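The values are calculated or read from the model by the stated rules, or taken from the named source; none is laboratory data. A quick note: this is a predicted structure, and the numbers were derived from the prediction, not measured. Side chains included, ligands, DNA and RNA excluded: accessible areas come from the protein's heavy atoms. Shrake-Rupley method; radii C 1.70, N 1.55, O 1.52, S 1.80 Å.
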Amino acid sequence: AVPLPASSAEDCAAMAGFVRQLERRRGPALRLEQRAAGGVGCVVWDAALVLAKFLEGGAAPRLARRAVLELGAGTGAVGIMAATLGANVTVTDLEELQELLEVNIENNKHLVTGSVRAKVLKWGEDVTEFQPPPDYILMADCIYYEESLEPLLKTLKDLTGPDTCVLCCYEQRTMGKNPEIERKYFELLQRDFELEKIPLDKHDEEYRSEDIHIMNIHRKQTVGCFSWCKSTARNSELLLIWLKL
């Protein structure tokens, strides 16, 4: 795989506080501000780059006029990219990240061909204002705190309808409790959802890495999704083997 442009954890200190440019296939690059302080949501992470560029590529669905919601949006990179592809996007995160989201929406509004707005959404709490269910839910690097797993899964169940497709991109980490957290997340997720790993050769040619995965997720017994988003998911045993658990 071609190495990703630097934005990994060890580079955060150097990058934070600077504008990150994300090149697009057509037109000017996205300009994404980052913050020197404020937690993990203030930096553009590799998984966000991979998912944003996947959306832009030929393997992505047609997003024009589709309702899209991003969970744990952080800088808004993924959701704003979707909005430049014609989607009607709501980027969500905690209250403390709303100012950064609004700045990045403003910085890139001239590139948006759909629409984009920022809203507060705390995982595990009421999602009535985000109904009806969106066509797509986007998630990039949302699996890292064990205490957030149950609230995140509740939010996913509350937000998804029978035809909602969830694209979850995450970096597989081997340090500390990360493998255990990932295993628990996918075990819990499979109670209500079916999963399919999107092959690496479907990712953007430049923005890809063998440790960054994109999972295609939808409610069990779902019908009517885009053909590439319909499940050919492995059963639980094969998925656990793939995760090396």
Proximal lysines to K119, defined as alpha-carbon separation beneath 27 angstrom and excluding residues fewer than eight positions away on the same chain: K53, K109, K154, K157
Over the stretch 102-211, what percent of the accessible surface lies on carbon and sulfur atoms, probe 1.4 Å? 46
As a test, work out the antiparallel percent of DSSP beta bridges whose residues both lie in the stretch 79-217, rounded to the nearest 5. 45
